[in-house]
Amino acid sequence: MSLARLPIDLGALEAVIAVAETGSFSAAAGLLSISQSAVSSRIRVAEEVLGVELFHRTTRRVILSEHGARLKARAGMALSDLQAIIDEFRDEARLIRGRVNVGATPTVSAIVLPGIVRAFQDTYPGIRVTIYDDFFGMALERVMRGEVDFAIAPYDEHIDNGSLLLEKFLFEEMVVIVPEGHPLAEGDFSLQRMAQYPIVSMPPHSATYHYIHRLFAEHGLSFEPTMQTMHALSSIAITRSGLASAFIPVGLQKICSMHGLVTLRLPDKVLGRSIAIATAPDRSLTPAARALTNLIRISHYC
């Protein structure tokens with residue numbers, strides 16, 4: 001039964017519970033901050049609507065009837081649950097408690113989010129933030145399936161992302177790494193020279209692959225990596241072993257050892273990837289998720 005069809009309103013139920021718990025109409029009136037006559041009126045209306053007596057009245061006290069006791073037991077639990085959910089919603093609106101689920105790619109999760117989430121939870125300690133990191137399009141798929149409130153991920157405007165709302169908030173530079181002693185570390189670095197040696201890359205369905213592929217094409221070169229990996233950490237390890245050169249987000253140098261590696265930048269163009277906040281157009285963010293996305297927008301990661 002929907003609440004709109006209930007023959008008795010919440011005010012009447014509150015009056016019944018209050019009188020049952022205090023044992024008097026006057027005490028119930030004080031508890032509810034209404035007049036004693038208002039309490040009496042609500043009880044009378046409840047009894048008329050239900051067709052039974054809820055209280056036995058004497059000159060000295062008010063005693064619950066058998067019907068009243070049943071109503072108190074059932075309605076008391078219902079009102080308690082209703083009050084609990086009201087308090088929960090109010091706390092979430094005031095950012096006292098809540099939960100935010102965030103999708104991200106592994107490199108974004110490792111480089112961009114830790115400092116932001118730490119600052120957020122220092123400000124809102126009652127809100128739990130859970131990060132789900134997945135490779136490439138999986139983070140965006142979680143948004144579309146409703147498994148996360150939003151995602152932070154690299155994106156390519158030339159790739160269809162399922163009509164998600166994508167708000168760019170960061171341009172992250174990418175650099176080339178080679179092992180010490182590699183021929184590319186000597187002399188002027190260029191894509192033409194890099195194309196002559198083995199390269200390890202992310203797979204073709206990643207946004208990063210498309211960025212690099214277009215960059216090579218702009219220079220009249222074919223981008224043909226000899227190895228592929230699904231993780232930037234693997235790219236670093238493969239490069240350090242001397243097997244290939246690699247493109248990595250510049251932020252990885254802050255959290256990974258670059259021992260034995262040389263960082264190279266293109267002299268004529270900054271290579272980078274766009275990082276976006278991805279949300280579903282048909283769902284509104286919770287107050288906690290809105291607060292976190294606002295913090296992300298004003299962060300100064302780069």
Being surrounded by fewer than 15 Cβ atoms within 10 Å (Cβ to Cβ) and among the aromatic types (Phe, Trp, Tyr): is that true of PHE171 here? yes
Right, ALA75: surrounded by 13 or more Cβ atoms within 10 Å (Cβ to Cβ), outside the structural domain of THR279 (by TED's automatic domain parsing), under 45 Å from the mean Cα position of the chain (by Cα) and farther than 30 Å from THR229 by Cβ or not? yes
Would region 147-165 turn up any residue that is polar (S, T, N, Q) and under 30 Å from ILE296 (Cβ atoms)? yes
Quick check, is VAL112 modelled with pLDDT under 95 and in the same structural domain as LEU285 (by TED's automatic domain parsing)? yes
Go through (1) within 15 Å of the chain's Cα centre (by Cα); (2) surrounded by 20 or more Cβ atoms within 10 Å (Cβ to Cβ) for PRO287 and report which single condition fails. (2)
Of the conditions (1) without any contact (Cβ under 8 Å) to a residue 12 or more places away in the chain; (2) more than 30 Å from ASP133 (Cβ to Cβ), PHE89 satisfies every one except a single condition; which number is it? (2)
Any idea how many residues of region 154-212 are in a loop (DSSP other than H, G, I, E, B) and farther than 18 Å from ALA110 by Cβ? 24
Could you say whether any residue in region 97-114 is in a helix (DSSP H, G or I), in contact with a Ser or Thr (Cβ under 8 Å, 6 or more places away or on another chain) and not basic (Lys, Arg)? no
Does region 131-151 include one or more residues that are assigned by TED's automatic domain parsing to the domain that holds ALA278 and exposed (fewer than 12 other Cβ atoms within 10 Å of the Cβ)? yes
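The values are calculated or read from the model by the stated rules, or taken from the named source; none is laboratory data. Note that this is a predicted model, so its numbers are computed, not measured. Positions of Cβ are generated from backbone atoms using ideal geometry, with glycine treated the same way; all protein chains shown enter the neighbour counts.
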